[in-house]
1. Six or more apart or on different chains, Cβ atoms under 7 Å: show the pairs whose first residue is in segment 84-106 and more than 14 Å from Val69 (Cβ to Cβ) and β-branched (Val, Ile, Thr) and whose second is open to solvent by 60 Å² or more (accessible area, probe 1.4 Å) and part of a helix (DSSP H, G or I).
2. Which count do you get for residues in segment 121-143 that are open to solvent by 50 Å² or more (accessible area, probe 1.4 Å), at negative phi and without any contact (Cβ under 8 Å) to a residue 24 or more places away in the chain?
3. So in segment 162-203, with the set limited to residues that are in a loop (DSSP other than H, G, I, E, B) and touching a residue at least 40 places away in the same chain (Cβ under 8 Å), which one is surrounded by the most Cβ atoms within 10 Å (Cβ to Cβ)?
4. (1) surrounded by 13 or more Cβ atoms within 10 Å (Cβ to Cβ); (2) at pLDDT 80 or above; (3) touching an Asp or Glu at 6+ places or on another chain (Cβ under 6 Å): which one isn't true of Phe23, the others all being true?
5. If you take the residues in segment 77-107 that are in a helix (DSSP H, G or I) and of a type in the set (D, E, K, R), which one is surrounded by the fewest Cβ atoms within 10 Å (Cβ to Cβ)?
6. How many of the residues making up segment 146-161 are closer than 20 Å to Leu82 by Cα, open to solvent by 40 Å² or more (accessible area, probe 1.4 Å) and over 25 Å from the mean Cα position of the chain (by Cα)?
Amino acid sequence: MLSSQDRQEIRKELDSLVLFDDFVFSYALRNDRDAIQLILRCILGMEKGLEVEDVRIQESVKSLDSHSVRFDILARGTDGSLFDVEIQKTNKKDLRKRASFYMSVLTNSNLEAGEENYDELRDRYVIFICDWDVAKRGEPLYTFEYMMNDGTPLGDGGAIIFANASYRGDDDLTKLFEDLKQRDPSKMHYGELRKSLEKIRTDKEIRIEMSTEFEEFVARKTKEISERVAAESMAKGMAEGMAKGMAKSRTEIAATLLKEKLLSPEEIERVTGIPIDQVSEAASKYGV
């Protein structure tokens with residue numbers, strides 16, 4: 001149970017969080033079609049024509065009988081297009097395969113049960129807004145689609161996009177990335193995102209929900225850090241123990257060489273790397 005002081009600290013932490021914190025992103029953009037529409041238009045380069053009619057947060061979708069996926073933001077356009085928008089702050093090696101799996105789930109959920117008219121399959125976008133440059137080419141966006149060896153696209157309507165939130169230029173995408181990381185709403189470029197950030201600072205109902213979520217977030221992070229520190233300490237202890245064991249073994253070898261009078265102290269130092277004084281200590285230990 002958290003004390004009142006702990007809760008006060010959590011409230012302060014909440015006020016310092018930005019939209020680029022994943023669970024904050026979800027809460028801030030819940031039912032916020034304007035903000036999601038802005039983000040999608042910036043990333044997809046559509047100033048007009050893209051209209052969002054439905055936004056869901058933390059939506060869990062199961063892929064047939066396999067692993068389920070929990071989307072940060074799942075939006076549907078007025079034309080039926082589906083958009084999964086994820087915030088990714090940690091560079092994980094499996095990100096590309098995870099994005100591919102998310103696309104398969106999005107595709108699977110696109111058609112109604114029993115529907116066989118694949119022409120009704122709408123466009124699908126899996127978008128990861130990453131805190132680093134996925135392809136390390138200095139570009140703001142990287143788009144992946146199915147295509148033939150000669151570069152001809154399959155045209156199935158699916159695209160995986162990795163947005164590089166570390167990118168800085170003189171364009172709308174840079175303004176978007178800056179807003180997502182901005183703590184001060186008054187300094188944000190886009191009014192839609194400014195309203196979203198202000199909402200999580202003032203809406204009491206959302207604050208209560210976020211406080212609970214943040215407590216769980218802190219608990220998870222604390223556990224992760226504790227486990228990592230414990231593992232690192234254990235690894236360090238094992239390494240130190242092995243080093244000590246190796247040093248002890250080398251000393252015992254040196255003492256044995258002396259005891260058997262196989263090598264002189266100078267020769268032992270040259271062969272084992274053990275200083276002469278330690279060799280002498282080993283010799284006295286064995287009464288040589």
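The values are calculated or read from the model by the stated rules, or taken from the named source; none is laboratory data. Note that the structure is predicted; figures quoted are calculated from it, not measured. Reconstructed Cβ throughout: ideal geometry from the backbone, glycine too, with neighbour counts over all protein chains shown. Accessible surface areas use protein heavy atoms only, side chains included; no ligands, DNA or RNA. Shrake-Rupley method; radii C 1.70, N 1.55, O 1.52, S 1.80 Å.
1. These pairs meet every condition: Ile87/Asp22.
2. Of the residues in segment 121-143, 2 are open to solvent by 50 Å² or more (accessible area, probe 1.4 Å), at negative phi and without any contact (Cβ under 8 Å) to a residue 24 or more places away in the chain.
3. At the first step, the residues of segment 162-203 found to be in a loop (DSSP other than H, G, I, E, B) are 165-171, 181-184, 188-190, 203.
Pick out the ones that are also touching a residue at least 40 places away in the same chain (Cβ under 8 Å) and you get 165, 181-183, 190.
Values: Ala165: 24, Lys181: 13, Gln182: 18, Arg183: 12, Tyr190: 19.
The extreme case among them is Ala165.
4. Phe23 satisfies all of (1) surrounded by 13 or more Cβ atoms within 10 Å (Cβ to Cβ); (2) at pLDDT 80 or above; (3) touching an Asp or Glu at 6+ places or on another chain (Cβ under 6 Å) except (2).
5. Residue satisfying both the conditions and the ranking: Lys97.
6. Quick first cut of segment 146-161, residues closer than 20 Å to Leu82 by Cα only: 146, 153-161.
Narrowing further to those that are open to solvent by 40 Å² or more (accessible area, probe 1.4 Å): 146, 153-156.
Remaining after also requiring over 25 Å from the mean Cα position of the chain (by Cα): 153-156.
Looking only at that region, the number is 4.
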